[in-house]
Ligand SMILES: [Zn+2]
């Protein structure tokens, strides 16, 4: 549980580049539709709610709660030695749900609705991986 989970540096696309660039600086940003205020996840160049392409990024709170999770007892490949670990959907304070890991926690203590905050794990070849840990 104290070991860092595998953290391959993410490949970016035109749609995800602002997210990963901010994460590399230790900032958590989300895209939002300027036409209808929908906060969008995963990153897209248009709003899935109203279809507008007037989308811009903003600094999000980094706060959320555990919406759903599983404890992976026997991970595959490079994840095996880090098992057990927590794979979770985090419901962000801004609305969307993000699939990620909950870290810095005993997996047996993770619970639905547990408050969490964003964590940045150093990527293997630069940048940061975005994960969540218990809110203090
Ligand atoms: Zn919209």
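When residue 74 is tested against (1) surrounded by 15 or more Cβ atoms within 10 Å (Cβ to Cβ); (2) in a loop (DSSP other than H, G, I, E, B), just one condition goes unmet, and that condition is (1).
Just one of (1) outside the structural domain of residue 119 (by TED's automatic domain parsing); (2) touching a strand residue (DSSP E or B) at 6+ places or on another chain (Cβ under 9 Å); (3) modelled with pLDDT of 95 or more fails for residue 45. It is (3).
Specify the residue that is nearest to the ligand (Cβ to nearest atom); the eligible residues are those in the range 43-67 that are over 27 Å from residue 113 (Cα atoms) and in a strand (DSSP E or B). Looking at the filtered set, the residue picked out is 55.
Does the range 79-93 include one or more residues that are surrounded by 13 or more Cβ atoms within 10 Å (Cβ to Cβ), more than 17 Å from the chain's Cα centre (by Cα) and in a loop (DSSP other than H, G, I, E, B)? The answer is yes, given that some residue of the range 79-93 is surrounded by 13 or more Cβ atoms within 10 Å (Cβ to Cβ), more than 17 Å from the chain's Cα centre (by Cα) and in a loop (DSSP other than H, G, I, E, B). Taken as a whole, the range 3-15 holds at least one residue that is assigned to a loop (DSSP other than H, G, I, E, B), at negative phi, surrounded by fewer than 16 Cβ atoms within 10 Å (Cβ to Cβ) and within 16 Å of the ligand (Cβ to nearest atom). Each residue in the range 16-42 was checked for being under 17 Å from residue 131 (Cα atoms) and near the ligand (Cβ under 10 Å from one of its atoms), and 0 pass. Scanning the range 78-104 for residues that are closer than 13 Å to residue 6 by Cβ and in contact (Cβ under 8 Å) with a residue 60 or more places away in the chain yields 78, 79, 81, 82, 85, 101, 103. Entry remark, the range 100-116: residues being farther than 12 Å from residue 133 by Cβ and part of a loop (DSSP other than H, G, I, E, B) number 3 in total. Just one residue in the set 18, 31, 107 is surrounded by 14 or more Cβ atoms within 10 Å (Cβ to Cβ), in the same structural domain as residue 125 (by TED's automatic domain parsing) and touching a residue at least 24 places away in the same chain (Cβ under 8 Å); that residue is 107.
The values are calculated or read from the model by the stated rules, or taken from the named source; none is laboratory data. Values in this document were obtained by computation on a predicted structure and should not be read as measured data. For neighbour counting, all protein chains shown are included, and Cβ atoms are generated from backbone atoms with ideal geometry for every residue, glycine included.
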